[in-house]
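S.K.: Sending over a structure as structure tokens; questions will come in a sec.
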Amino acid sequence: MTTPVCTSASDAAAPVTQTLPYPSFSSYMRARQPALLRTARSLTGNSSDAEDLLQTALAKTYVAWERIEDHRALDGYVRRALLNTRTSQWRKRKVDEFACEELPEPDPVSAADDPAERQALRDAMWRAIMRLPARQRAMVVLRYYEDLSEVQTAEVLGVSVGTVKSAVSRALGKLRDDAELELVRS
């Protein structure tokens, strides 16, 4: 416990000089802005929003500068102003949700536009092609996947063009009748 000590009148008349770590708001702001901006970024997650938030908190600090008794606690004051300002912004945000009688549903995606459906069809097609006899499979792959003409397919396989036409026709008939492909297409 401290006891008050009386001083002479001449000591009481002398002006009390308090050494402040930051003699002015502008010197405080220049010295502490980078650290406070990092704090603001952690609150917002966005550089431009952090700069706006810090500017608002510093404006509030400037208004209260003369009322702040302990200038060694300025960082805590500004951090609290940052947090309070961010909380106020969060509470005031606009919410675009409205109560309605019927929920708006998006238009259904057709099977042709659905990537999962297209992949399922591709997989089923390859399984069906793999069930074809080797010669028909080779002709279908060369003709439709490698995009060769009937003449080029016949040259690659060393058969006549008529053989390619008839074998591809039989293979396409088997693919049309394939039960797994029928399930995927419907």
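S.K.: Search the range 72-81 for residues being surrounded by 15 or more Cβ atoms within 10 Å (Cβ to Cβ) and closer than 17 Å to Ala31 by Cα, and hand back the single one that is modelled with the lowest pLDDT. Full working, then the answer.
M.R.: If we filter the range 72-81 for residues that are surrounded by 15 or more Cβ atoms within 10 Å (Cβ to Cβ), which is where we start, we get 74, 77-79, 81.
With the extra rule that they be closer than 17 Å to Ala31 by Cα, the set shrinks to 74, 77-79.
Working: Leu74: 85, Tyr77: 88, Val78: 90, Arg79: 90.
Top of the filtered list is Leu74.
S.K.: Kindly indicate the residue of the range 164-182 that is of a type in the set (A, V, I, L, M) and touching a residue at least 40 places away in the same chain (Cβ under 8 Å) and also farthest from Leu142 (Cα to Cα) among those meeting that condition. Quick ask: steps written out before the conclusion?
M.R.: Quick first cut of the range 164-182, residues of a type in the set (A, V, I, L, M) only: 164, 167-168, 171-172, 175, 179, 181.
Adding the requirement that they be touching a residue at least 40 places away in the same chain (Cβ under 8 Å) leaves 175, 181.
Details: Leu175: 16, Leu181: 21 Å.
Step by step, filter the range 164-182, then rank; the result is Leu181.
S.K.: Sticking with this structure for a sec: Please note which helices (runs of 4 or more DSSP H) are completely contained in the range 102-186 and include at least 3 residues that are surrounded by 12 or more Cβ atoms within 10 Å (Cβ to Cβ) and under 36 Å from the mean Cα position of the chain (by Cα).
M.R.: Numbers: elements: 115-130, 134-140, 150-157, 161-177, 179-185.
Because the criterion is at least 3 residues that are surrounded by 12 or more Cβ atoms within 10 Å (Cβ to Cβ) and under 36 Å from the mean Cα position of the chain (by Cα), the helices (runs of 4 or more DSSP H) in the range 102-186 that meet it are 115-130.
S.K.: Among the residues of the range 138-157, how many are closer than 15 Å to Leu181 by Cβ and out of contact with any helix residue (DSSP H, G or I) (no Cβ under 6 Å at 6 or more places or on another chain)?
M.R.: Initially, the range 138-157 is screened for residues closer than 15 Å to Leu181 by Cβ, giving 140, 144.
Next cut, out of contact with any helix residue (DSSP H, G or I) (no Cβ under 6 Å at 6 or more places or on another chain) only: 144.
Of the residues in that region, 1 qualify.
S.K.: Then there is this: Go through Tyr28, Tyr22 for me and flag whichever is modelled with pLDDT under 90, over 32 Å from the mean Cα position of the chain (by Cα) and assigned to a helix (DSSP H, G or I).
M.R.: Tyr28
S.K.: Does any residue in the range 39-65 that is surrounded by fewer than 19 Cβ atoms within 10 Å (Cβ to Cβ) come within less than 6 Å, Cβ to Cβ, of a residue that is among the β-branched types (Val, Ile, Thr) and part of a helix (DSSP H, G or I) six or more places away or on a different chain, and which pairs are these?
M.R.: Final answer for the pair search is Thr56/Thr85.
S.K.: Select from the range 86-101 the residues that are within 25 Å of the chain's Cα centre (by Cα), of a type in the set (D, E, K, R), open to solvent by 100 Å² or more (accessible area, probe 1.4 Å) and modelled with pLDDT of 75 or more and list them in ascending order.
M.R.: Our first condition is that a residue be within 25 Å of the chain's Cα centre (by Cα); within the range 86-101, this holds for 86-98.
Applying the additional criterion that residues be of a type in the set (D, E, K, R) yields 86, 91-94, 96-97.
Remaining after also requiring open to solvent by 100 Å² or more (accessible area, probe 1.4 Å): 91-94, 96-97.
Passing the criteria: Arg91, Lys92, Arg93.
The values are calculated or read from the model by the stated rules, or taken from the named source; none is laboratory data. Keep in mind the model is a prediction, meaning the values are calculated, not measured. Ideal geometry is used to build each Cβ from the backbone, glycine not excepted, and the neighbour counts take in all protein chains shown. Ligands, DNA and RNA are excluded from the accessible area calculation, which covers all protein heavy atoms including side chains. Shrake-Rupley method; radii C 1.70, N 1.55, O 1.52, S 1.80 Å.
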